[in-house]
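These notes are about the structure you will find just below.
The values are calculated or read from the model by the stated rules, or taken from the named source; none is laboratory data. Model, not experiment: these values are computed from the prediction. Reconstructed Cβ throughout: ideal geometry from the backbone, glycine too, with neighbour counts over all protein chains shown. These accessible areas exclude ligands, DNA and RNA; they are computed on the full protein's heavy atoms, side chains included. Shrake-Rupley method; radii C 1.70, N 1.55, O 1.52, S 1.80 Å.
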Amino acid sequence: MTAITTGVHAVAAHHEAHDDYAVQLRRNRLGLWLFFISEAFLFGGLLATRFYLWGDTRPELDQAIGLIVTSVLLLSSVSMRLAETAMEKGNRQLFSIFILLTAFLGLVFLGGVVIFEWGLIPALYQGHLTPWGDKYGAVVFAMTGMHALHVVSGIVFIFIVWNLARKGHFSPQRHWGVESCAIYWHYVDVVWIFFYPALYLIGNAVHLSH
Amino acid sequence: MQLTSLGLVRGIIGYFVGLVVGMAVVMISRLALGMSAWDQEAGWVGGIIFATIGFMLAVGSMTDWLKWTRGVETPFHHGPPVGKPAWTRYFSVDYNHKVIGIQYGVTGFLLLLIGGSFALVFRAELADSGISFLQPGTYNTFLSMHAWVALASILLGVGGMANYLVPLMIGAEDMAFPRLNAFAYWINVPAIITLMISMLFGWDSGWTAYPPLSLRGPVGYQMVFWAIFSIGLSSILGSLNLIVTMLTMRPKGMTLFRMPIFCWAILATSIIQLTATQLIGLAFLMLSFERTLGMPFFNPLYNALGENIGGQPLLFQHLFWFYSHPAVYVFVLPGLGIISELLPVFARKPLFGYRWIALSSLAIALVGFLVWGHHMFTSGYGEYLRVVFMISTLLVAVPTGVKFFSWLGTLWGGRLTFPTPMLFTLGAISVFLIGGLSGPILATAATDLFLHDSYFVVGHFHATIFGGFVFPFFAAIYYWYPKITGRMYNEMLGKIHFWLMTPGFWVMSLAQMTAGTMGMRRRIADYDPALGVEPVHMLITIAGFVIAFSILLMIYNLFTSAEVGALAGNNPWRSRSPEWQIPSPVPEHSYAQPIAVVGEPYDYGLAGSTYVAMAGAGDD
Ligand code: HEM
Ligand SMILES: [Cu+2]
């Protein structure tokens, strides 16, 4: 008799835990999307700044670099998607490979920004913009800097998730950590889709005399 | 008990350790880059960032999250901390929304007192013409600090009401993300410390921090920028949490249009806070970077050909007001929600036009995004913009008017009683009316060209903010005091508070507007007695001190009544709202059983109508 009741209880408790997870998942998803809406206003403010100060002009940026880093970032979104699919199918090894590949591509993107766009290591590449030089430098650094900050946090997020997965924390049914990391990564990519043309393509390139 | 077992004490230690570490990091990096070690702008920015992180780590607001990153589970602990007195939970990280609500509310009230006393200081200076004891620079610091401390107090006060009431009103056990809730409260505390430190250095532009002044003034500005940035982060995270809570945690039967009306006000407020706040964060961040690194966003910079290759000061005003106009609705919508919440209870009648009120809050919030330019009529932006912003601003009067008519409709033919919360509700309406009517006068570009930057504006926004926030906030404190403490406040003292503060306030704001029309400019330490405003200024100062005195009575009342007040019972106001159907003070888990909604919320006086069905309601 006792055994049976315990059994029933256990089943009920299990059900509850399952419902709890589903309920919390719904809240988490809504919360994350609200966060994105909020952040859209931050990035929107930067775009507004760009159009307010630059109008229909833009600085002379190295188009090759812009194209390369953008493609790298887009590729990283593909590999992130593959990582998430692997997790959904329960293939941990493939997951690890693709999520690390994503982080690697993210680092390449960052390197492109810091070394080439910013010219932070003059020995490797001589940048011609400075944050304090004029409105072009200021806005380029502000937009790429704010975006890079998000990429960095995304990479940190990836390493946390990778480590947790390694320790066996996720299952094909329950991997909110992976899911949120992936959506976040895609979101940061989408932001770049708006930033790239605003910085590199729209308007006439001008060469300023100082 | 050890002092360091209090989160607050650990947090403050963490703050100053972080400050030193942050400054050291900046100095070492500067040395490594071949620059002189100390630069006060960079040094303080680094210091403040690290200090804020230091506080948040030491207070324990991130402990659980850090464990999650390592895969450690963190089960929930309910109730007061083990082995410590119960009061200590208010000074440490606690996840219960009722505790967090009280933390917000009390901190907000404290800031109201601090901000108010700054005002008394510079009001004393203004009582007569000539400089008596505040030099202009110090005067400006007190004035500017008054504004931001008072605004912070409002944001925290709003947070207090929302965190305490929303989960109770929708019958939820807690907020959707309790840890985020605690984080969003605690980030305010290092911000307040930072804001206070700014006084040591001074800053003088008024709360709007317009460049170029804010780019040239003392380093106190950096502290303001980063303090407001943190408070903004709190707004964003707090409102995110509230939206998720209201959208996903309502009980069975509570459709959106059956939520208590205060929840609608908070929903509208949260939409503004979630989005617009980013813009002031960005604007202040840009000011900080322009000061620290010289990035020319706002200061013009001319090359040899005379072209401006730098920034534009007007850009700041756009970014700033894109937040700060909607922000005024953050200040008042919750208060207007309180008015709509309390009137039916004390009129014993249904709330007139529930749906209209609910939607008018949303409408005000959304239209509020389109009107920021009415603060810039004299800024020199394109003249055609004046017309656009004038029309959009006057549109806001429509949903605001809806609220007034609904309040009148609710009062009409009601069986009114006048305990202190009701008095403050009616006082709020009268004061908000003064403020509201002065709005369209300012929104008309032709009149604003004369009134801008005058004391008329000061009168306008004090009336709207007192009518929309301070009076309703006090009404809410008196009204929910029995629910929070289990005891009634002293009615006599409450009435004296009201009858001192309300006429005091009428006099103050009407006198401020009068001074403005007589030619008194705002934000100056001295004025020409030939304007004839001296008696008016004396009146404003006296009224200010009367208001301050009445608030001291309130504090005395709240403190003593917690000990000696009559026991309140579950529902002293005979309210239909769910939080009044459970014991006072509210138990740790609020509702013993999930509640269900079976009727309309405000059908007061209709025979046989029920709002919530509750297992075990009225048990005791
Ligand atoms: C809902 C409550 C309201 C609040 C809390 C509020 C608050 C404020 C504040 C704080 C300011 C001063 C900003 C500064 O420091 O320069 C202000 C200015 C102004 N308000 Fe309001 N306001 C409210 C309602 C209205 C309404 C209904 C209108 C018009 C229909 C209006 C029109 C204006 C205008 C045009 C100004 C700019 C005045 C100037 O600087 O020349 N306000 N308001
Ligand atoms: Cu406004």
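Separation of region B:505-530 and region B:115-174, taken as the distance between their Cα centroids, equals 20 angstrom. Peptides A:24-37, B:26-39, B:262-275 ordered by packing proxy, namely the average of other Cβ atoms within 10 Å per residue, highest first: B:262-275, A:24-37, B:26-39.
Considering only alpha-carbon pairs that sit under 8 angstrom and 6 or more positions apart, the relative contact order computed for chain B is 13 percent. Collect residues whose amide H, placed 1.01 Å from N in the peptide plane, falls under 5 Å from the amide H of residue A:58; neighbours closer than 5 in sequence don't count. Result for residue A:58 returns A:204, A:205, A:206.
Going by average Cβ density within 10 Å per residue, which order do the peptides A:80-89, B:467-476, A:198-207 take, highest to lowest?
B:467-476, A:80-89, A:198-207
Computed over every Cα-Cα pair of region B:220-317 and binned at 5 Å starting from 0, the pair-distance distribution P(r) comes out as 3, 11, 16, 15, 12, 10, 9, 7, 6, 5, 3, 2, 1, 0, 0 percent. Legend: mean number of C-beta atoms from other chains within 10 angstrom of residue C-beta atoms, peptide A:131-140, equals 6. Need one word for chain B: rounded, prolate or oblate. Basis is the Cα gyration tensor (sqrt eigenvalues a ≥ b ≥ c); a/c below 1.5 gives rounded, then a/b vs b/c decides. Oblate, since a/c reaches 1.5 and b/c is not below a/b.
Tell me whether region B:425-562 comes out rounded, prolate or oblate; compute the Cα gyration tensor, take square roots of the eigenvalues as a ≥ b ≥ c, and use a/c under 1.5 as the rounded threshold. Verdict is prolate for region B:425-562.
The string of couplings for region B:208-216 from the Karplus curve (6.51, -1.76, 1.60, θ = phi - 60°) is 6, 6, 5, x, x, 4, 6, 8, 9 Hz, one whole number per residue in order, with x for Gly and Pro. For the pair region A:67-116 and region B:560-594, the centres of their Cα atoms are 54 angstrom apart.
For region B:301-430, the dipole from Cβ point charges (+1 on Lys and Arg, -1 on Asp and Glu) about the Cα centre works out to 680 debye, to the nearest 20. Normalised per residue, the accessible area of chain B is 37 Å², obtained with a 1.4 Å probe and no contribution from ligands, DNA or RNA.
Grab the eigenvalues of the alpha-carbon gyration tensor for region A:34-206, scale each by 5, take roots, and send me the semi-axes largest first in whole angstrom.
33, 17, 12
Couplings 3J(HN,Hα) for region B:133-139, derived from phi with the Karplus relation 6.51 cos²θ - 1.76 cosθ + 1.60 (θ = phi - 60°), are 9, 10, 5, x, x, 5, 3 Hz, where x marks Gly and Pro. The protection proxy used here, the mean number of other Cβ atoms lying within 10 Å of each residue, ranks peptides B:293-299, A:190-196 as follows, highest first: B:293-299, A:190-196.
Could you pull out every residue, at least 5 positions away or on a different chain, whose amide H is within less than 5 Å of the one on residue B:568? Hs are placed 1.01 Å off N in the peptide plane, and Pro or chain starts have none. Distant-sequence amide H within range of residue B:568: B:487, B:488.
Mind running the shape call on region B:303-390? Use the C-alpha gyration tensor, a ≥ b ≥ c as the square roots of the eigenvalues: rounded below 1.5 for a/c, prolate if a/b tops b/c, oblate otherwise. It is prolate, given that a/c is not under 1.5 and a/b is the larger ratio.
Note: region A:101-178, Cα convex hull, 93 Å³ per residue. Among the residues of B:263-274, the average count of other protein chain beta-carbon atoms within 10 Å of the residue beta-carbon is 1. Site pair residue A:29 and residue B:307 shows an inter-label distance of 5.1 nm when each label is modelled 7 Å from Cα along Cα→Cβ.
Ranked from largest, the principal axis spans of the Cα set of region B:86-173 equal 58, 26, 16 Å. Using a simple spin-label model with pseudo-atoms 7 Å out from Cα toward Cβ, residue B:20 and residue A:132 lie 3.0 nm apart.
Each chain gives up part of its surface: B and A jointly bury about 3000 Å² of accessible area, both sides summed, for a 1.4 Å probe. Averaged over the residues of peptide B:64-73, the number of Cβ atoms from other protein chains lying within 10 Å of each residue's Cβ is 3. Taking the charge dipole of the protein assembly as shown about its Cα centre, with +1 at Lys and Arg Cβ atoms and -1 at Asp and Glu Cβ atoms, the residue from B:105, B:22, B:352 reaching farthest to the positive side is B:352. Fraction of C-alpha pairs exceeding 19 angstrom in region B:310-449: 56 percent, rounded to a whole number.
Close amide-amide hydrogen proximity is noted between residue B:454 and B:522, each under 5 Å apart and 5 or more residues distant or on a separate chain (H modeled in the peptide plane; Pro and chain starts excluded). For region B:549-620, taking Cα atoms only, Rg and Dmax work out to 15.7, 46 Å respectively. Along the axis of the charge dipole computed for chain B (Cβ charges of +1 for Lys and Arg, -1 for Asp and Glu, origin at the Cα centre), the listed residues B:221, B:587, B:53 are led at the positive end by B:587. Each part reduced to its alpha carbon centroid, region B:354-409 and region B:430-502 end up 19 Å apart.
Phi angles across region B:115-123 convert, under the Karplus curve 6.51 cos²θ - 1.76 cosθ + 1.60 with θ = phi - 60°, into 3J(HN,Hα) values of x, x, 5, 4, 5, 4, 4, 7, 5 Hz, Gly and Pro given as x. Size descriptor for the protein assembly as shown, Kirkwood hydrodynamic radius: 28.8 Å (Cα pairs only, one decimal).
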